[in-house]
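A.B. asks: Structure provided below as C-alpha cells; questions to follow.
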Amino acid sequence: MCESSMCGSTNKSHYYVVFDGAWKIQCDGENSEPYEHRRDALKDAVALAHLDVRNGREADVIVQCRDDTFRPEWDSTRDVYPPPLAPEYGASSDTLPVTSPLLEPVHRYR
C-alpha cells in the first residue's frame with residue numbers, strides 16, 4: 001500500500017500501519033511480519049520511513065484507527081526523527097518504579 005503518487009507528491013513513500021488480526025506495516029504491496037502491539041508496528045514504520053528520508057525521499061506513516069479510517073501519524077516534512085518518546089515511569093525516563101524487579105535484592109540458591 002505504499003503509493004508514491006498520493007498527496008500530489010511523486011517522490012513520497014507512504015507506510016500504512018494496519019490491523020488485520022494483527023498489526024502490520026504495508027508498503028509497496030508488501031506486508032511486514034505481524035506485530036502484537038500497535039506501538040511496535042508504528043515505531044518500526046517510522047524507522048522504515050526515515051530510511052527513505054536518508055535516501056532523499058519524503059515519507060509518511062498512516063495508521064488505521066478503530067473505526068477503520070486512516071490518519072497520518074508521522075510525516076518527514078513536519079515531524080522529527082526519532083519521534084519523542086513519553087517516559088514510561090514518570091517525569092524522567094531514567095527512573096524506575098519502586099516495584100521494579102531491578103531494585104529487588106538478588107537471591108542466590110545453592
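Any read-out appearing in this document is the output of simple, stated calculations on the displayed coordinates, not a laboratory observation. The model shown is predicted, which means the values in this text are computed figures rather than measured ones. Virtual Cβ from ideal backbone geometry, glycine too; neighbours counted across all protein chains shown.
A.B. asks: So the label point goes 7 Å from the Cα of H37 along Cα→C-beta, right? Which residues of the stretch 46-86 then have their backbone N under 17 Å from it?
C.D. replies: Answer for the stretch 46-86: 46-47, 83-86.
A.B. asks: Still on this structure, I have one more. Can you give me the long-range amide H partners of Y81? Hydrogens built in the peptide plane at 1.01 Å from N, cutoff under 5 Å, separation of 5 or more residues or another chain.
C.D. replies: Placed amide hydrogens put nothing under 5 Å from Y81.
A.B. asks: Step through the residues of the stretch 44-59 one at a time and calculate ³J(HN,Hα) from phi using the Karplus curve (6.51 cos²θ - 1.76 cosθ + 1.60, θ = phi - 60°), rounding each to whole Hz and writing x for Gly and Pro.
C.D. replies: After applying 6.51 cos²θ - 1.76 cosθ + 1.60, I find 6, 5, 5, 5, 5, 4, 5, 4, 4, 4, 5, 9, x, 10, 5, 8 Hz.
A.B. asks: Sticking with this structure for a sec: For the pair D20 and F70, how long in nm is the line joining their label points, each one 7 Å along Cα→Cβ?
C.D. replies: Inter-label distance under the simple model: 1.2 nm.
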